[in-house]
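Trainee: First the structure, then my questions, so here it is.
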Amino acid sequence: MLVAVGFVAGVIACKSPAEKQLDAGRRAFGRGLYQEAINHYDELVLQVPESPEAARALYEQGIIYYLKLRDLDTAFVKFRKVITEHTGSPVAKEARLMLARMYQEDRGEHEKAIREYELLLEQIQDADEQKAVLLSLADSYYELDDLARAAEHYQRVMDLADHPGDPGADAAFLRRALIEALDGRREEALGMLESLLEKTDEPAARHHAYVSAAEIRLLSDEYEQAMAVLARADREFPEDGELFELADRVKRQEQDGRSLDDGTIESQVLLEELQRNISWGRGRRPRAARR
């Protein structure tokens, strides 16, 4: 036991001042003492600005400013500094990912987000990381109303799919199907949703696929087919309130006999129902179906 204790003490004693400062910052961070953590990280960067520990300290400062203090401008500066001053650091990739996320989610600067995501794709080999970046890329293209490139990148995620229950691929299938529906290619959209149902066993994705398929059928006034989709969904999700509500809308729409394929206000309302749980999908009117 004494030998083991002495060995541990020796390891601790061998830590460099930069490592000790980094550890102190992390302890403060873990206790929620964010300003104290920032002070330790600042001291580290001042002492050894070109060290690997300095890169990590800058990155962790960025995380504190972004996620804890919500000082987005300072967080942005910290992440950018990691990328420009510590290009070869293992955390440079993580810093670029955070920058891309800020451009996309906080600043709404999707062109700049795309640039950062494209640079990330050149650096990563892991399939799961690639899927996550491609999905974000596709979402940014969607926000720019570049549906063709959005669809291309969703397809790349789908090609990397590892089903069943691959969350990234499930999302790509659903979003690609929505693009097809928006562009008037509703049969193609329905085919993608059916393909997803064949591949995934993830309940949320399956529920969303059924609801989307029924909504698309409703957009085309295909009431019987919409009810058939909902009947399938009900076997998997009995007593589901959303399915009941949608079935009621189908019945009311059929009784009213309104056509929703002419860009009317009712059509926009129905499209919003199709997109209601997808923040990146709102605000677009469906194009005429290509029959």
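Trainee: Which count do you get for residues in the stretch 91-108 that are free of Cβ contacts under 8 Å to residues at least 24 places away in the same chain and closer than 16 Å to Leu121 by Cα?
Mentor: Total meeting the criteria: 1.
Trainee: Taking into account only those residues within the stretch 137-182 that are part of a helix (DSSP H, G or I) and of a type in the set (Asp, Glu), which is nearest to Arg206 (Cα to Cα)? Reasoning before the result, please.
Mentor: If we filter the stretch 137-182 for residues that are part of a helix (DSSP H, G or I), which is where we start, we get 137-143, 147-159, 167-182.
Subsequent filtering for residues that are of a type in the set (Asp, Glu) retains 139, 143, 152, 159, 170, 180.
Working: Asp139: 21, Glu143: 25, Glu152: 23, Asp159: 19, Asp170: 9, Glu180: 18 Å.
Among those that are part of a helix (DSSP H, G or I) and of a type in the set (Asp, Glu), it is Asp170.
Trainee: Can we say Lys78 is of a type outside the set (A, V, I, L, M), part of a helix (DSSP H, G or I) and within 20 Å of Ala28 (Cβ to Cβ)?
Mentor: Values: of a type outside the set (A, V, I, L, M): yes; part of a helix (DSSP H, G or I): yes; within 20 Å of Ala28 (Cβ to Cβ): yes.
In short, yes.
Trainee: Against the condition within 25 Å of the chain's Cα centre (by Cα) and at positive phi, how does Arg96 come out, does it pass?
Mentor: Details: within 25 Å of the chain's Cα centre (by Cα): yes; at positive phi: no.
Considered against the rule, which asks whether it is within 25 Å of the chain's Cα centre (by Cα) and at positive phi, Arg96 comes out as no.
Trainee: Scan the stretch 183-196 residue by residue and report those that are surrounded by fewer than 18 Cβ atoms within 10 Å (Cβ to Cβ) and part of a helix (DSSP H, G or I).
Mentor: Matches in the stretch 183-196: Glu187, Glu188, Gly191, Glu194, Ser195.
Trainee: Right, here's the next one. Select from the stretch 1-43 the residues that are aliphatic (A, V, I, L, M), modelled with pLDDT of 95 or more, part of a helix (DSSP H, G or I) and over 17 Å from Phe79 (Cβ atoms) and list them in ascending order. Break it down into steps so the answer makes sense when it comes.
Mentor: Applying the first criterion (aliphatic (A, V, I, L, M)) to the stretch 1-43 yields 1-5, 8-9, 11-13, 18, 22, 24, 28, 33, 37-38.
Pick out the ones that are also modelled with pLDDT of 95 or more and you get 22, 24, 28, 33, 37-38.
If we keep only those that are part of a helix (DSSP H, G or I) too, we end up with 22, 24, 28, 37-38.
Scanning the stretch 1-43 gives Leu22, Ala24, Ala28.
Trainee: Filter the stretch 136-155 down to residues that are among the hydrophobic types (A, V, I, L, M, F, W, C) and in contact with a Lys or Arg (Cβ under 8 Å, 6 or more places away or on another chain) and give me whichever is surrounded by the fewest Cβ atoms within 10 Å (Cβ to Cβ).
Mentor: First pass over the stretch 136-155, keeping only residues among the hydrophobic types (A, V, I, L, M, F, W, C): 137-138, 144, 147-148, 150-151.
Retained after the next criterion (residues that are in contact with a Lys or Arg (Cβ under 8 Å, 6 or more places away or on another chain)): 138, 150-151.
Details: Ala138: 29, Ala150: 23, Ala151: 21.
Filtering first and then ranking leaves Ala151.
Trainee: Look at Val77 and say whether it is buried (at least 22 other Cβ atoms within 10 Å of the Cβ) and either under 29 Å from Val45 (Cα atoms) or under 19 Å from the mean Cα position of the chain (by Cα) (or both). Can you show your working first?
Mentor: On the way: buried (at least 22 other Cβ atoms within 10 Å of the Cβ): no; either under 29 Å from Val45 (Cα atoms) or under 19 Å from the mean Cα position of the chain (by Cα) (or both): yes.
Judged against the criteria, Val77 is not a match.
Trainee: Here's another thing I want to ask about it. Could you pull out the residue among Ala100, Ala57 that is among the hydrophobic types (A, V, I, L, M, F, W, C), buried (at least 21 other Cβ atoms within 10 Å of the Cβ) and in the same structural domain as Glu143 (by TED's automatic domain parsing)? Break it down into steps so the answer makes sense when it comes.
Mentor: Values: Ala57 fails: in the same structural domain as Glu143 (by TED's automatic domain parsing).
So the residue among Ala100, Ala57 that is among the hydrophobic types (A, V, I, L, M, F, W, C), buried (at least 21 other Cβ atoms within 10 Å of the Cβ) and in the same structural domain as Glu143 (by TED's automatic domain parsing) is Ala100.
Trainee: So, of the residues in the stretch 179-197 that are over 17 Å from Asp221 (Cα atoms) and not acidic (Asp, Glu), which turns out to be farthest from the chain's Cα centre (by Cα)?
Mentor: Gly191
The values are calculated or read from the model by the stated rules, or taken from the named source; none is laboratory data. All values reported here derive from a predicted model rather than from experimental measurement. Note: ideal-geometry Cβ built from the backbone for every residue, glycine included; neighbour counts use all protein chains shown.
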